[in-house]
Structure formats: structure tokens, C-alpha cells
2 protein chains.
Amino acid sequence: MAKIILEPEGKRIPAHRGQTLLQVLRDSGVVLESLCGGFGACGKDKVLIVRGQESLNPLTRSEEKFLTLDEARKGYRLACQARIIEDGDIVVFVPPESRARPTQRKIVSEGYMRNVTLDPFVKKIKVVLRAPSLEDPRSDYERLVDTLRKVLETDDVKASLDVLRDLPDKARNSNWSLSLVLWGNEIVSIEETTSQRPVYGLAVDIGTSKIVVHLVNLENGKIERVAFAENPQLSYGEDIMSRMSYANIGPENLQRLHRLLIDAINSLIEEVVSEAGVSSEDIYEAVIVGNTAMHHFFLGLPTRYLSSSPFTPVVTRSYSLEAREAGLKINRRGKVTVLPVIAGYVGADAVADALAIGLIEKSENILLVDIGTNTEIFAGNAEDYVACSTPSGPALEGGHITFGMKAVEGAIGRVTIDESGDVEYKTINNAPPSGICGSGIIDAVAQLFLRGIIDRRGKFVEGSATERLIRDEKGRGYVIAWSNETSIGKNIVLWEKDISEFLLAKAAIYAGISIALKRRKLDPESLSEVLIAGSFGYHIDPFHAKVVGMIPDVELEKIKFVGNTAIAGADLALLSRKAREEAEIIAKRARYFELSLDPLFNKEFAYALQLPHRELERFPSIAEIVARKDL
Amino acid sequence: MAKIILEPEGKRIPAHRGQTLLQVLRDSGVVLESLCGGFGACGKDKVLIVRGQESLNPLTRSEEKFLTLDEARKGYRLACQARIIEDGDIVVFVPPESRARPTQRKIVSEGYMRNVTLDPFVKKIKVVLRAPSLEDPRSDYERLVDTLRKVLETDDVKASLDVLRDLPDKARNSNWSLSLVLWGNEIVSIEETTSQRPVYGLAVDIGTSKIVVHLVNLENGKIERVAFAENPQLSYGEDIMSRMSYANIGPENLQRLHRLLIDAINSLIEEVVSEAGVSSEDIYEAVIVGNTAMHHFFLGLPTRYLSSSPFTPVVTRSYSLEAREAGLKINRRGKVTVLPVIAGYVGADAVADALAIGLIEKSENILLVDIGTNTEIFAGNAEDYVACSTPSGPALEGGHITFGMKAVEGAIGRVTIDESGDVEYKTINNAPPSGICGSGIIDAVAQLFLRGIIDRRGKFVEGSATERLIRDEKGRGYVIAWSNETSIGKNIVLWEKDISEFLLAKAAIYAGISIALKRRKLDPESLSEVLIAGSFGYHIDPFHAKVVGMIPDVELEKIKFVGNTAIAGADLALLSRKAREEAEIIAKRARYFELSLDPLFNKEFAYALQLPHRELERFPSIAEIVARKDL
Ligand code: FES
Ligand code: FES
């Protein structure tokens, strides 16, 4: 029996020979930064062996690579590489930088959002005007505009007729001290006295399957309430193509799909305002994002030409209209702004992603990948970037996978397989598993490959000695969770054909990335960041994403999972005038290209169907592990 | 018996000793340029005596002043000064420049309007777009904007949701060849094929008593139809003050007055479109002018603070809104633009006057006077001008004058009194007289004064030997038309108290002008033009206007009557983008001052109550006649 004594806590943990320090520590609840999942490929899980070095195996090749000579002399090891070979007490110090940051691998509900100066497009401001006199005969409105000029730096101020009709009495009743709600340079409301009520905005992400709404306090930038609902159009087809086909039959059908969205958003508005205890009259703007089809349905624009080649949208630039005209139940003088789209398959959601991650401020080259049924890709820097969309299919959202499911409660979102072929998994909300979602599938495929259970073509290797490898009429499969652990009463299995389905998805993504980088004349090494957005249960494990060859082989530190940035982009457009302008620039400046027209696409796609890729040299860090493991 | 033989026609006209050539020629239908009305004060009525000089009186002082030595030697005379003293044949040649131009003194229905380049704010243009392809994936709208960019020199093009919804099908049905109706940079309508139908605009002048509408063809600039109607608000008071009092009682009342205007304009729209055989759908914009009260009633803005000191308008800058919102029955996507106002008593009609006469292009100083119940005055040049309003009252529109009437059929609009005290008059449409309108009153007062029948204070001179001078319980009066000539069966008389009423009006106007010129530091001599606008039956006689002291004593050639320029300004705003911008500048740049606050006003007003003025030296050319006539 060996024992690990953890410093500085003094905690004692029993351990067995054969275990790695990473396993022992993880079992006892000490979570280390192990970006590569324990494959000696990230060098993040450094620990200091204060005493008991003699109970551990000698340094491995990985450790020789990641530890400096000084660290080795002091007694540092990589926890995943240090294996107990003798009983005895081992005193281990875990440096703070090796402990997992709390935000890592948590369940993702919000997207990453860069910091911006709070300068919302909708503002409530207080003005005090000089009363008119024969010597100062300016009209009420000019009086107001003259005061606003200082704030807005323009006298091109607009106001609705309602506002003009209200102005004279309100100004005099309040003794010329007014509260105004401004939407950009337009006065949308006048109140007699400074109301204590803040103004709110609404960020809306219309996803193909889910609508998410944020109630945003525009005075402090806080997201006060979040609500979401299933997209009610689901009954007209899971995918956008079948919904567009339905809409194309006739204007009543289009109108019906349009109405469903509006009604659903209005219900969500009711929900957030009643929960937050505010009035829908206090919401002065809704910013809408969504893919191009949802964008068209929201505005009631025909999808006939969007749904077939050359997939032409009606309008791409951002568009603002009266809330009344849009049908949204916010303040009757409020506005609705739909962020711009880039092309038929690169929508306002993708623009919002790029906005949230600050593409327009990136001087170094980055790669942004928003994974979904269609995966949108941006590659480049603020000055010059390309954008495209790749048809990755539904596998990463659980579609076409036997036990696949969306990232909801009970979905297996994290999978590790140990050397013995045994599985550990985590589910969303720790509920008993009912299926597996995107991040879980990536983990599983990567781990099966790393453990030598599947080969580079995703086929099970004959003679893999694990009871979890099963076979029936569906072919061969690997049991991730036994029936008695699940909520569905049967084994949750990843079948070979599920793996094939996944390979199609990841190959489409990789091919898209590869061609985008080529078009932009970038090597993967020149990227400063690889940002992955999407609605997964957990953050995608960046090492696993590389192992399966879904993203290029860049240093793990460069890979960041940014979550659902679409709604974050909508939040930004509410909170920052500058961000709103940037959204327009992002859409305008993008060099969009039609991926399917690229002569390289078919070859890139076919080569990417292997794990990690037919040209192993494209993935040197994975190639090294493969070579070591002799996979 | 004398005889005038007219060259080159050879026409022979019998004449009597004692007659002037002007009288003889006028009686025989040869109308000379006699700006001063035959008082030797304008020098316009030059004729060449080819033979018979010996039958005429010697040259008068006036002729010595106006004829050059060379002209005198050749035998030129002023027709009004050349009097027959001997029988004989007099051969007279009338040079073309002495003949009255046909536009002189005709009945005024339209205002003067300067020429502008036709560049209407509403345009129908044809565009041909490239069809989309996978290589050219621009949205339908961007495709359109890219094409419009060449025309509009901007890509800040707006479109309503309706237009966006129409665009895809219309573009493809027409094989990408579209007709667009543009309102500025906004696409208001899309048509599949080039429609042959022109686009129309509507110019609307909402007067206190009359609403005038022009249907303007925006493709050739032609005013296709004119229609007018009584302002239906008349039943709520003749003057704007009583209407505002009514409106101030409550919002329903304001709404009622607002509705009356809208309905009246809609009826006029129906009238002009049915007469012109066009559809109201082809009218894409209405430009509205009117005084500030009418402006507020039209927009439904409260008049509570406009109606009492300091007479603050709600809004002064120009304002555009949807036709739908304004309630006008033109194209449902059309627009309504209300031109700017300057102050409570200097409205959009005055701005339109200044626009029509081209104030913003005047490098030399001018005076613009729009005479009505309130008379608006502009003085200065494009760079710097003052504006004010003077309360001239209703006398010049026939109000408070015993037989006063508006300039409608049967109104006496032109009056001359000969040396014997006898009267010649002209009525509108040559109908039997039923009263006297503004231009007739000015003529009558001036002539009575020049003939010595009234004195400088407007009182009848004892012992004036004419049967037309009568007296009854109302005081003394002068019969302009005997009852048997009239349509009303009684004498049309100008009573002494009518003359007093007129003097109040002209004194207010002169005082306003005088102070405006002082504020702008201008002498009357430095004016290059004095432009008089207003709704009179005939052009005001400029000489008479000087005789009564209504306008400063400038050279007669500088005085121009410009008619109802308000509607002309509205026409211009429809026809020229530049003019529309100028309207805004005119209103903004005006140095408005409140006349009643000027410490000089009371004295100026009191002095101006005399004919032509208490300080005769202010009217040197009239003073000269007065001295000559020993009035
Ligand atoms: S976890 Fe040990 S090197 Fe990555
Ligand atoms: S008409 Fe003779 S000088 Fe004027």
C-alpha cells in the first residue's frame, strides 16, 4: 500500500501500485490542469515530489520534453507520467498553476464575451432645459436638441411624432427637467421626472432548435434574466432546410413560421420581465441574432432563394425597425435591430461570435470555429479574414448518433477511458446518463483511439481486451455506460457506425478550416488563437479535438472554448455603440467564399476522414503519441 | 379734334385736348409700362413723337429728370406727361420696352418661383442588376445598393420591410431589371418593369383661410393640377388665435382641428388625381407649408404654448413622417415633409417664400415682405439676414374694411382716380364689383392722396370738388363704384374709418420693415430688391405702395411683386434636393427678433400712420410729388 501526502494541506490519500499520481489526485478530488487528458502531451500537470521519488517510475520521454533540467533536479514530475511502482509515502506539492482553474470544464451556459466600455445604444439621460422667453424664442425641440448636442456631438437628433406631441406639456409640468430615452440619436421616450426605473434591452439568439433571451440592464450592463425555449418551428422540421421548403410553398406558410418565432419570443419576454419584476415597457430595444434562415423567418422575408443554390439572402446588412412593426411586445416606441449576416450559411449568429471574441481588435491571426449543423469558420486578423461555412451535419449535436443527444440534463459530456479500457464519464447536472452529447462523443472517440481500441479509420481493433467492446446485428460498439447506470434502462453504446458519422462531421470541419487557412495563406503555427464556439454540454477538450483531427495541431494553450458567443454578441451590441458598429464592419469586411466550390474540398474532406488525418505529418504532436503508442 | 397715329401699326385714335398720351393710349387698349400710375415718377412710359410735337405741352420737370438729352432731342416724351394742347395729328411710336409685359398686373394665381435644376427628392429610376451566382453571393439588397451607390454616391440606402419582402420575387420575375421609387436615399417602392407612370408629388399650402394644393409631376417638374378649398377650420374662428384657443381647451379639440385639415387635404388630393387621371398611389410625397399654427394643427402638435407669450413652437426644424402616420391618402409607403418654421409668427410659409425667391443665393441685400394678417419680413442677404413678423391685421385681406373682401371674383383690385376726381377700377374676372380687396385699397388710398382728396393723415380735405365724396352718419367717404354698377345694389364706399384701418396695417408693415433694416444695419438705398408676396387680387402697384408709405422709397424697378410664393416654395422643395436643404438653412440661419420687444417699435409705428410718413424725408421721391402738387 502506498500513500500520497498532499502538501500544504497534509491530506493523506491511499494509493496503489500502477496508478499515476494524476489518477490518485483526481480520485481524491484534486483536479489538475491536464489539458491533454493525461497523455503526456500538454505538460500542464507539473507536481513537486517533496519526498518519495524512489517509489515512482523513472522520468518518461514526455517529462524529458516538458520539464526543465532545473525542475527535474528539484523533483518535479508530470502527474500523468509519474506512476507508483513501490509502496511508500510520497509527499506531493501541487503548485497553484497546475491546479485546474475553476472555470475550466464547467457546464457552459453563457458564451465568452470580451470586455467593452459600457456605452449602450439605448440610454436614459436627464436634461435640464432653459425655459423659453421672448428673448430666447427657440422651439421646445430645438431647445432639447441644443442640450443634447453636447452629449451626442450632433444636432441630427430624431424624434417620433408622439415624442413631439408629448414634449410641451411634459417639459413644463416638470419645470424643464426631463428624462429622455435615446436610441442612438433618436429620442424614443420622454418622462417628466427622472424615473428610477432603469432601461432594459433584450438580446435574442434564435437557434434552429432553441431560442435564448437575455434581459439586459442597460444601466449597469448586467444580464438580469436568461430564458430559453424550444424553437416552435421544430414541428415544421428539425433542420432549416425542411422549414424553408415549407415556407416556400406560399406566403401563408412563411407567415406562419414567422408568427411562431414572434410569439415564442414574446412569451420569453413575458417570462423574463415577470421574473425580474420589470415592465416590458422598460425594454427599448431587442437585438436579434440567428442563422440566415432564422433571420429571414424573423423578418418575414422570403426564403425561396436562400434555400437553393446560390443561396442568396434578401438582405445582409443590419436592419432596424419599429418594435411595433416587428411584432415584439416591448415598449411601443422601442426598436428591433437584427445584426448583419454574411451569407446564406454564415448568419448573424456567426457575426455575433466574431463580435463577442473581438475579431475586429485582433492584430494577430486567429481561427474562429462555431460548430453546429453548419460550422462557420473565420480565419485571419482584423485587417483581413476569410469566412466560410462547412456542412458538418448534426452528429456533434447528437444527431445520427445512436445514443446521441443534445447537451441537456443526463447527457454524457465528458469521457475518459483508462489503460484497462474502463470508462469514467460525467453527465450534465450529474443526472443518470440517457445519452451522449458532442463533447462526450469527441472525448470517447479520442480516448478509444489513444487507448488503441479503434484504429485510424475509426474501426475497432480486433482483440482489444475489454468487456465493453460488444457486437450485435448493428456491428461492433463500445459500452460507455452500462444499462444499470443509465436512466434509459439500456447500455449506452458508441457503435462503429456512430464513429463513422462523427468522422464525417469532423472531416467537414477540418477540411473547412484547412481551406480557409489556405485561402488566407496562413499556417496553423501562425495562429495566435483557435477559438471554438458552439453549444456543447461541456467545453470541448482541446487535446481530444486535436487527437480526432477536428482542429489543426496548434499548442493547446492557444485553443479556447468560448461557448455560445452568439447571444454574447447580441449582448455586446446592446451594451456598446462601438460593438454595434463593429458588427457591421465584421460582416462587410469578411471575404466570404463558397467552400463547396473550392477544388481542394473533396480531397481535404476525404483525407480528414482518418484519425487524426491521412497525412499524419499535419498533426506532429499527435503523431508523436501515435508513434510512442505504436497505434 | 386731335388724332394720334400709332406706329408701326398705323392705328388712328381720336383724342381731345387736355388728355395725356397715356390716357389716350390706355383707352385704346395700348397698355404702357406706367409703374408709377402716371405721376411722372417712374420714367417707364417713354414714347417717341415721330411728328406733331407742336400739339403737345412743353417738357415737364419729370421728363427733364427721366429723359436723356439725346432722347429729348430725338423727340421722346413720357406718355403720362405729354398732354395734348392743340388739335392736330400726332404720330407716336411706342418702343417695345415701354409696352407692358404681359405678366404685369395680371390676376395672380401662382407665386414667383426661381428656376432650379430638376432634381426631385422623389425619383423613379431603373436599375439592372447582375443575377446572383455562387461566385457572386451578395444578397439581393446589397446587389441593389451596390448599383444605387453610383447614383446616390452613398451606400447608406434605406428600405422598408415591405420593400425587402417584395424584392426577391420582383427581381427574379423581372429578370433583374427593376424600377425603384427613391425618397432621398430610401427605397419606397419597387416595381417589376419600368412603369410608364410618372411619380408625383403634392405641394400643400395650408393658409388660415385657404388650402392650396399642387399636383406636381416629378419627372418634368410640371404643375399638373391646382386645387384649393376653404380651410374648414374657419368655422372655429376666422383668425388663428381663436382656433388655437379652441384647441387649447383639450386634446379632443386639437384632434378635431387636426382632422379637419387632413380630411380637407385628402379631398383636394382626390380632386387633383381624378382631374389629372392619375392614381393617388403615384404620389410619393407631400410637402407641407403653412404658418406655425397651421403647421402645428397639421401635425397634431399642441398649440397651448404657441398661442401665448413667448409664443414657443413645439418644433421648428423640418420634419418628415410616413404618409400613413400623417393620415394623407397618397401611396401607403409615401412620405410627408413639413418644411421648417422660424418662430411662432414666422412659419413654414415664410420659409417657403424665402426659398422661392432664392434668399440663400442673394449676395446683395434684399427685403422680402409677405403681407397678410401677420406680415413676415426678411432683410439682408444669403450670409446674414434678420426675420420678424409684424401684426398688420386683416385690412389688406379685406377685414375691418366696410366693403373689404378677399381677392375673389368681383373684388375691385385696381383703382385709378383722374384729375377730375373720377374713378376707373378693375375687378377680378371683370365681374360686377361686390367689394374691394387689398390691392384696390392701396390703389384707392394712394390715388385719393395724390389727387389731394385726402390729407397726410388720411382725412378727407374739405372742399374737394367731387360728387363721389359723400357723408352720412358713418362719417365721410368716397364712392368707388356707384350702386347701379355693383352686384350688391349699393355704393361701394371707402369710408374715412376704413382709411384709418388701412393706415394701421400699413404702419405696422412699414414699422416692421424699418426696424428690420435697422437691425440689419441697412439703408433702403442699399437694397437691390424689394419683394412683396401675398394673396392680393392683382399685383400691388409698387408706386402706390410707396405713396402710402407701406414700403421704403426705393427705385420702382427694384420692387417686385412675387405673389403666393409659399406654395411655390413647396413646389421647389419637391423638385429640388438642393432647395430642400436650403429651406433648412434658411430657417436655421435667420436672425429672428421679436418686433414687439424693440424699443423703437411704438414710435416707428406712430410715425408711419401718416401718408407716406411723418418724416417726409424718408420718402424723397414721394416728397417731390407732394411738393409739386402742394399736398
Ligand atoms: S496531463 Fe500530463 S502532460 Fe497533459
Ligand atoms: S407713368 Fe409716366 S412716369 Fe410713370
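Which percent, to the nearest 5, of DSSP beta bridges fully inside segment B:397-498 are antiparallel? In segment B:397-498, DSSP labels about 80 percent of beta bridges as antiparallel. Counts of other chain beta carbons within 10 angstrom of each beta carbon in peptide B:298-306 average 4. Solvent-accessible area lost on pairing B with A (1.4 Å probe, both sides summed) amounts to about 3900 Å².
Legend: translational diffusion of segment B:201-338 by Stokes-Einstein, Rh = Kirkwood radius over C-alpha pairs, 10 °C, 1.306 mPa s; D = 105 µm²/s.
Think of each Lys and Arg Cβ as +1 and each Asp and Glu Cβ as -1; about the Cα centre, that makes the dipole of the protein assembly as shown roughly 320 debye.
Computed over protein heavy atoms with a 1.4 Å probe, the carbon and sulfur contribution to the accessible area of the protein assembly as shown reaches 49%.
Over 14 Å apart: what share of the alpha carbon pairs of segment B:122-191 falls there, rounded to a whole percent? Summing the P(r) of segment B:122-191 above 14 Å gives 55 percent of all pairs.
When you filter the trypsin sites (Lys or Arg not before Pro) in segment B:467-520 for DSSP loop state and at most 13 other Cβ atoms inside 10 Å of their Cβ, you are left with B:Lys474, B:Lys490. Label-to-label distance, B:Asp472 versus A:Asn175, with points set 7 angstrom from Cα along the beta-carbon direction: 6.2 nm.
Backbone amide hydrogens, once placed in the peptide plane, bring A:Arg51 within less than 5 Å of A:Val91, excluding anything fewer than 5 places away on its chain. Among the trypsin sites (Lys or Arg not before Pro) in segment B:200-279, those placed in a DSSP loop whose Cβ has at most 15 other Cβ atoms within 10 Å are B:Lys222. Cysteines in chain B lacking any other cysteine Cβ under 4.7 Å from their own Cβ: B:Cys80, B:Cys388, B:Cys437.
Rolling a 1.4 Å probe across the protein heavy atoms gives segment A:200-338 an accessible surface of 34 Å² per residue. The distance from the alpha carbon centre of segment A:316-366 to that of segment B:484-554 is 63 Å, rounded to a whole number. Hydrophobic, long helices, defined as DSSP H runs whose alpha-carbon span along the helix axis is 20 Å or greater and whose mean Kyte-Doolittle value is at least -0.5, occur in chain B at B:251-276, B:496-519. Computed over the protein assembly as shown, the P(r) curve from all C-alpha pair distances, binned at 10 Å from the origin, holds 2, 8, 13, 15, 13, 10, 9, 8, 7, 5, 4, 3, 2, 1, 0, 0 percent per bin. For segment B:472-553, applying the loop criterion from DSSP together with a ceiling of 10 other beta carbons within 10 Å to the GluC sites (Glu not before Pro) yields B:Glu473. For segment B:70-86, 3J(HN,Hα) computed residue by residue from phi via the Karplus equation (6.51, -1.76, 1.60; θ = phi - 60°) reads 4, 4, 4, 4, 6, x, 6, 9, 8, 4, 6, 9, 8, 10, 7, 10, 9 Hz, glycine and proline entered as x.
DSSP assigns beta bridges within segment B:2-98; of those with both partners inside it, close to 70 percent run antiparallel.
Annotation: extensible slack from A:Arg256 through A:Ser320 equals 20.8 nm (criterion: 0.36 nm per residue apart, minus Cα-Cα distance). Using the Cβ-Cβ distance between A:Ala431 and B:Lys126 with R0 set to 45 Å, the FRET efficiency works out to roughly 0.10.
Each Cα pair under 8 Å and six or more residues apart adds its separation to the average, and for segment B:397-498 the resulting relative contact order is 25 percent.
Normalised by residue count, segment A:20-69 yields a Cα convex hull volume of 90 Å³ per residue. Its Cα gyration tensor gives segment A:132-235 an equivalent ellipsoid. The semi-axes, each the square root of 5 times an eigenvalue, are 38, 14, 13 Å from largest down.
Rounded to the nearest 500, the helix-only mean residue ellipticity at 222 nm of chain A stands at -9000 deg cm²/dmol, with each DSSP H run of n ≥ 4 adding -39,500 (n - 2.57). Protein-only accessible surface at a 1.4 angstrom probe places the residues A:Phe228, A:Phe403 in the order A:Phe228, A:Phe403, largest first. Highest mean first, the peptides A:297-304, A:136-143, A:594-601, A:554-561 sorted by other C-beta atoms within 10 Å per residue fall in the order A:297-304, A:136-143, A:554-561, A:594-601. Put simply, the amide H of A:Ser487, placed in the peptide plane, has neighbours under 5 Å in A:Ser434, leaving out anything fewer than 5 places away on its chain. The mean count of C-beta atoms from other chains within 10 Å of the C-beta of residues in B:344-350, rounded to a whole number, is 1.
Across all directions, the shadow cast by the convex hull of chain B built on its C-alpha atoms averages 32.7 square nanometres. Ordered from highest to lowest accessible area with the whole protein assembly present and a 1.4 Å probe, B:Leu306, A:Leu48 read as A:Leu48, B:Leu306. Each residue of segment A:210-220 is assigned a 3J(HN,Hα), and the resulting list reads 9, 10, 10, 10, 10, 9, 10, 6, 7, 8, 10 Hz, derived from the Karplus form 6.51 cos²θ - 1.76 cosθ + 1.60 (θ = phi - 60°), x at Gly and Pro. Each of B:Asn220 and B:Ser274 was given a label point 7 Å from its Cα along the Cα-to-Cβ line. The distance between the two points is 2.5 nm. When only Cα pairs below 8 angstrom with a gap of at least 6 residues are kept, segment B:122-191 shows a relative contact order of 43 percent.
Evaluated over the Cα positions of segment B:2-98, the convex hull gives a direction-averaged projected area, one quarter of its surface, of 5.3 nm². For the pair B:Asp455 and A:Asn266, label points projected 7 Å from Cα toward Cβ lie 8.2 nm apart. The mean number of Cβ atoms from other chains found within 10 Å of a Cβ in peptide B:139-147 is 5, as a whole number.
The values are calculated or read from the model by the stated rules, or taken from the named source; none is laboratory data. Computed from a predicted structure; not experimentally measured. All Cβ positions, even for glycine, are placed from backbone atoms using ideal geometry, and neighbour counts span all protein chains on display. Ligands, DNA and RNA are stripped out before the accessible areas are found, and what is left, the full protein with its side chains, is counted by its heavy atoms. Shrake-Rupley method; radii C 1.70, N 1.55, O 1.52, S 1.80 Å.
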